[in-house]
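Shown next, in structure tokens, is the structure this report addresses.
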Amino acid sequence: MNSTTLEIAGKHWTFNSLKELMGKATPLRSGDVSAGCAATCDEERVAAQMLLADVPLRLFLDEPLVPYEKDEVTRLIVDSHDTAAFEPVKNLSVGEFRDWLLEYGTGPEALTALAPGLTPEMVAAVSKICSIQDMILIASKCRVVTAFRDTIGLPGCLSTRLQPNHATDDPKGIAAAMLEGLLYGCGDAVIGINPATDSVPMMQELLKLIDELIQRYHIPTQSCVLAHVTNALEVMRLGTPVDLVFQSIAGTEAANSVFGVNLNVLEEAYDAALSLRRGTVGQNVMYFETGQGSALSGRGDWGVDMQTCEARAYAVARKFKPLLVNTVVGFIGPEYLYDGKQIIRAGIEDHFCGKLLGLPMGCDICYTNHAEVDQNDMDVLMTCLAAAGLTYQMAIPGGDDIMLGYQTTSYHDIHFIRQVFGKRPTPEFESWLKEMDLFDARQRFINHTGNNHALIGYEQELER
């Protein structure tokens, strides 16, 4: 892109590259300010957004923001681009693309067909000129369905990750949290534990704990211990029951190297998990987490704004056909997303970009205790994402993760969403809840008293 200038109220604003224009067009966030790629004032931000709206989508194919020859993620984006899928929008500018996305006639089928033809930079660009209501409407029209032991992402459904973390990886404490979550109807996306100790023996112990519960009660869900992918490879080699392989990922090769991964390692883990064939209704075997600021914190951002780097991580995820992807939007801290306003906007952007790229996007609707945010902000984000068609959210005892030390959504929160929006669990999991006498015919969980619920045997073992 040649240097371009716009005059507003007698002042000229000049942008010397597509990378600079993208950064200056991004809604305010603290990380971009610290990195020096943010607009210096609201007037400059508006000028950048106006000019960005006129940029042809094709330019993002011709002018990579991160050098092709120095970054494997850029090579993945460029080399895997589907020109046939891109055909319907190839002559549009970013602004015209926004208008096309908002048209009544642009529905789920068109968006599904288009996804392989979009690059992360294209969807990041259009998000920068969209309002929050634009992104909610557009994302609500996207349909992304994945499957392992149940079918996730169907219309009208919102799933949960049951997250029974424990500060010392105590099996009894984890088991008690799993039991409570199941009694609240949570866990249809995955029962996923962040281990306090990221080691092969601990990963084996925790995987066996979840698998025993799933197999004993024939629960149509999947397990995951969110340890490093290399540990997952080792426990699979040892014959431990692995359903999903997890890894945190970022949007550049340099940032992924900080996580200790590259595309070859992820490919090896993907192939290993597929070879186990543990799914019953599908074989989507990968689980990825992302978050705005990860590339910047790892000094792998190449001067690209946080939100565009985040969208580039979705290209990595898309390559491996994941069951689940989620942005841990407020976890990285106020140094990157300062307050509730910035976190809300970022969470909606991430969901929007991921869905347009064809990913089963969830969100860890969360914040750290030193950020300028509270649970009311998270209620707003949770409600907006439910309206936007979020695939899944977290379910944690009291919304307070005692191991990771941050605040997120609770077992109770999903019942608010189900009542307000009429959302349901996955069909397989809903049937199981009813068979186990945990849900009634109106999707309400049954408040059992005494020893009259179907998981009582497991509860009695915990008490012993």
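Panel values: segment 177-226, Kirkwood radius from alpha carbon pairs, Stokes-Einstein at 20 °C and 1.002 mPa s, translational diffusion coefficient 191 µm²/s. Close amide H contacts of GLN292 (hydrogens built in the peptide plane, cut-off under 5 Å, sequence separation of 5 or more or a different chain): none are found. Work out the P(r) tail for segment 8-108: percent of alpha carbon pairs separated by more than 15 Å, whole number. So the portion of pairs separated by more than 15 Å is 69 percent. Listed values for segment 289-300 are Karplus-derived 3J(HN,Hα) couplings in whole Hz (6.51 cos²θ - 1.76 cosθ + 1.60, θ = phi - 60°), namely 10, 9, x, 4, x, 5, 5, 5, 5, x, 6, x, and x replaces Gly and Pro. Legend: Rg and Dmax of segment 51-159, from Cα coordinates, 15.1, 47 Å. The accessible-area ordering, largest first, of the residues SER80, SER131, SER159 stands as SER80, SER131, SER159, per a 1.4 angstrom probe. Expressed per residue, the C-alpha convex hull volume of segment 346-464 stands at 142 Å³.
How many percent of the alpha carbon pairs in segment 213-344 exceed a separation of 20 Å?
48 percent
Candidate cross-link partners of LYS172 among the lysines, defined by an alpha-carbon separation under 19 Å and a same-chain spacing of 8 or more, comprise LYS208. Stretching the chain fully between ASP42 and LYS70 yields a gain of 6.7 nm (0.36 nm per residue, less the alpha carbon separation).
The order of ARG161, ARG216, ARG345 by accessible area, most exposed first and with a 1.4 Å probe, is ARG216, ARG345, ARG161. Size descriptor for the chain, Kirkwood hydrodynamic radius: 22.5 Å (Cα pairs only, one decimal).
The values are calculated or read from the model by the stated rules, or taken from the named source; none is laboratory data. The model shown is predicted, which means the values in this text are computed figures rather than measured ones. Heads up: the accessible areas ignore ligands, DNA and RNA and are worked out on the full protein's heavy atoms, side chains in. Shrake-Rupley method; radii C 1.70, N 1.55, O 1.52, S 1.80 Å.
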